[in-house]
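J.: I am attaching a structure below and will ask some questions about it afterwards.
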Amino acid sequence: MSLVVLGLNHRTAPIEVRERIVFDAARLPEALASLRALPGLQEALIVSTCNRTEIYAAGSAGTGPLADWLAASSAGGCTLADCLYRIEEADAVRHVFAVASGLDSLILGEPQILGQLKDAYRAAQQAGAAGPLLNRLFQTTFSVAKQVRSETAIGASAVSVASAGIQLARRIFSGFESHTALLVGAGDMIELAARHLHSQKIGRMIIANRSHNRAQRIAEGLQASAILLDALDAHLSQADLVICSTARPGHVISLESVQAALEARRHRPMFMLDLAVPRDIDPRVGGLEDVYLYTIDDLRQVVDENVKARQEEATAARHIIDEAVRQFMSGLKVLEAVPAIRELRGQAEAARAQTLEQARRMLAAGHEPEEVLEYLASTLTNRLLHAPSAALRDAAQSGDATLAEAAARLFRAGRDPQ
């Protein structure tokens, strides 16, 4: 059973492509069931975040059917094939270890991806799509990521996507004390952004979400107010900073809403950061005067500044990952031998039971114990060695030296030390 990763990320695909192929929590169960139906596919897991969509598959399906399935699941697949990467076996293991450790993230060392991988694994388990190989892979992945975090400083003062966005906002506003921030959504990204803004003494903060309880949960302790999404337009004109990250299809903030807000603000500038994929803010908003609209792809400059400070720790992390990959692949080879070992032991147990029953009947019939012991030993030996002896003879006749060499190593390893 082979392991393959097929996907795209922030390096291989622009946001216009990434937003066409997103699997939110509601869509995942159906997507996993559809994926599992592919011929030869035994296990599957889908990771879908704002920066990557990846399929982890185990079986014999190959990458062609996976790519076709992904294209069929996207909203138009004309350029999708050019953005996909395919990674197999040990390289696939190394890839997921690196992803979980934050080495493949937009922000080097960011910790959010580990939680997103855990969510993806939980969804695959609940859908019955994760089997022995993916279970072993992702349980090991979480352990390796923990080791990287504890043995390197890759996560020290970690800069998240949210904090990078706020760092970008500081280029527009010299200080936040007299400004109002409107945060749309209630997930991890918005919660992080809210905490960063609070720590930088934002003057006022509003959390908007379709669930008032979820918005209120984030607002508590941050001196923020919570509103429903239905009230978004009424509060938009009050916002100097707008940060969006929802999982909703379609645009949450329209061009018309922003135009109306600007009129009400008398065209005081607005900083708008769209961290969602698909995008929450109509891209045409970026063409308005007095609006500074950025998407997650615009954070690259801030990211590049962060990367330089983390390369040394990333090198140490990769050494940990390389050793973990070696151990994982070695463990897989042992697992591959388990069915053969189980069958061998089963055959040996059947021969033992049959021979022992015959020996008991001989004792009951009055045969001498010495005779019965001799029969037991010789018959069991012959039965255990008959199949491998016949296989070795056939191998010798056909010129198959590999089997003979393997048997020689096996019997040498099984000798009792002198």
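The values are calculated or read from the model by the stated rules, or taken from the named source; none is laboratory data. All values reported here derive from a predicted model rather than from experimental measurement. Cβ: placed from backbone, ideal geometry, glycine included. Neighbour counts: every protein chain shown. Keep in mind that these areas ignore ligands, DNA and RNA; they rest on the heavy atoms of the full protein, side chains included. Shrake-Rupley method; radii C 1.70, N 1.55, O 1.52, S 1.80 Å.
J.: Filtering segment 120-143 down to residues that are assigned to a helix (DSSP H, G or I) and of a type in the set (A, V, I, L, M, F, W, C), which residue is surrounded by the fewest Cβ atoms within 10 Å (Cβ to Cβ)?
T.: Here the answer is F142.
J.: V96 fails exactly one of the following numbered conditions: (1) over 30 Å from Y294 (Cβ atoms); (2) in contact with a strand residue (DSSP E or B) (Cβ under 9 Å, 6 or more places away or on another chain); (3) in a helix (DSSP H, G or I). What is the number of that condition?
T.: Condition not satisfied by V96: (1).
J.: Moving on to the next point. Determine, yes or no, whether E349 is surrounded by fewer than 14 Cβ atoms within 10 Å (Cβ to Cβ), under 44 Å from the mean Cα position of the chain (by Cα) and either within 30 Å of T140 (Cα to Cα) or touching a residue at least 12 places away in the same chain (Cβ under 8 Å) (or both).
T.: No; evaluated as a whole, the condition is false for this residue.
J.: What do you reckon, is A234 crowded, with 22+ Cβ neighbours inside 10 Å and either basic (K, R) or under 24 Å from F173 (Cα atoms) (or both)?
T.: no
J.: Of all residues in segment 199-231, count the ones that are open to solvent by 70 Å² or more (accessible area, probe 1.4 Å) and in a helix (DSSP H, G or I).
T.: Residues in segment 199-231 being open to solvent by 70 Å² or more (accessible area, probe 1.4 Å) and in a helix (DSSP H, G or I): 6 in total.
J.: So, one more: Note down all Cβ pairs under 7 Å where the first residue falls in segment 268-283 and is open to solvent by 10 Å² or more (accessible area, probe 1.4 Å), the second is in a strand (DSSP E or B), and they're at least six residues apart or on different chains.
T.: P269/Y292; R279/T295; D282/I253
J.: Take Q327 and tell me if it is open to solvent by 90 Å² or more (accessible area, probe 1.4 Å), touching a residue at least 40 places away in the same chain (Cβ under 8 Å) and part of a helix (DSSP H, G or I).
T.: no
J.: While we're on this one: Being out of contact with any strand residue (DSSP E or B) (no Cβ under 7 Å at 6 or more places or on another chain), in contact (Cβ under 8 Å) with a residue 12 or more places away in the chain and farther than 20 Å from C50 by Cβ is the filter here, so list the residues in segment 284-298 that pass it.
T.: Those that are out of contact with any strand residue (DSSP E or B) (no Cβ under 7 Å at 6 or more places or on another chain), in contact (Cβ under 8 Å) with a residue 12 or more places away in the chain and farther than 20 Å from C50 by Cβ: R284, L288, E289.
J.: Within segment 144-164, can you find the residues that are free of Cβ contacts under 8 Å to residues at least 40 places away in the same chain and either of a type in the set (K, R) or in a helix (DSSP H, G or I) (or both)?
T.: Result: K146, S150, S163.
J.: Among the numbered criteria (1) over 19 Å from D298 (Cβ atoms); (2) open to solvent by less than 20 Å² (accessible area, probe 1.4 Å), which single criterion is violated by I166?
T.: I166 satisfies all of (1) over 19 Å from D298 (Cβ atoms); (2) open to solvent by less than 20 Å² (accessible area, probe 1.4 Å) except (1).
J.: While we're looking at this one, here's another question. Can you tell me which residue among A261, A340, A247 is open to solvent by 40 Å² or more (accessible area, probe 1.4 Å) and farther than 28 Å from R20 by Cα?
T.: Working: A261 fails: open to solvent by 40 Å² or more (accessible area, probe 1.4 Å); A247 fails: farther than 28 Å from R20 by Cα.
Exactly one residue qualifies, and that residue is A340.
J.: Check whether at least one residue in segment 111-119 is more than 30 Å from I253 (Cβ to Cβ), assigned to a helix (DSSP H, G or I), touching a helix residue (DSSP H, G or I) at 6+ places or on another chain (Cβ under 6 Å) and open to solvent by less than 10 Å² (accessible area, probe 1.4 Å), and report yes or no.
T.: No, segment 111-119 contains no residue that is more than 30 Å from I253 (Cβ to Cβ), assigned to a helix (DSSP H, G or I), touching a helix residue (DSSP H, G or I) at 6+ places or on another chain (Cβ under 6 Å) and open to solvent by less than 10 Å² (accessible area, probe 1.4 Å).
For (1) under 17 Å from the mean Cα position of the chain (by Cα); (2) crowded, with 21+ Cβ neighbours inside 10 Å; (3) within 21 Å of D297 (Cβ to Cβ), each residue gets a yes or a no:
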residue	(1), (2), (3)
G7	yes, yes, yes
E16	no, no, yes
R20	no, no, yes
P39	no, no, no
R52	yes, yes, yes
S60	no, no, no
C83	no, no, yes
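J.: Please give the number of the condition S105 fails out of (1) outside any helix (DSSP H, G or I); (2) open to solvent by 20 Å² or more (accessible area, probe 1.4 Å); (3) not β-branched (V, I, T).
T.: (2)
J.: Same structure, new question: What strands (runs of 3 or more DSSP E) lie completely within segment 236-313 and have 2 or more residues being of a type in the set (F, W, Y)?
T.: Here the list reads 291-295.
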